[in-house]
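Step one of this worksheet: look at the structure below.
Just so you know, all these numbers are worked out from the coordinates, no wet-lab data involved. Just so it is clear, the structure is predicted and the values come from calculations on it, not from any experiment. Reconstructed Cβ throughout: ideal geometry from the backbone, glycine too, with neighbour counts over all protein chains shown.
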Amino acid sequence: MKNKGTFSRFISMYVDGFKNMTWGRPLWILILIKLFIMFAILKVFFFPNFLNSRFDTSEEKSEYVSGKLTKR
């Protein structure tokens, strides 16, 4: 018997747990839908691309970022 790593044992525990559940598949679908909403939809509304909306060239963007970093 091979000795599994801690991370792989942790993952296999969750995979086996969801396989043996009667609601396992719907829960995974719900998790994936929630992740899609968090990362795809909310990003568009709450995290706009600030540099592209304010500056045209990459030099202007880099000057702005370096200025903000050096002021701190």
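Assorted remarks:
- Close Lys-Lys pairs in the chain, where close means Cα under 21 Å and separation is 8 or more or interchain: 5
- Approximate spin-label separation ALA40-THR57, in nm, with each point projected 7 Å along Cα-to-Cβ: 3.7
- Nearest-0.05 FRET efficiency for ASN49 and TRP28, computed from C-beta distance (R0 30 Å): 0.45
- Quotient of C-alpha Rg and 2.2 N^0.38 Å, computed over the chain: 1.96
- Computed over the chain, the per-residue total of -39500 (n - 2.57) for DSSP H runs of n ≥ 4 gives a 222 nm mean residue ellipticity of -21500 deg cm²/dmol, rounded to 500.
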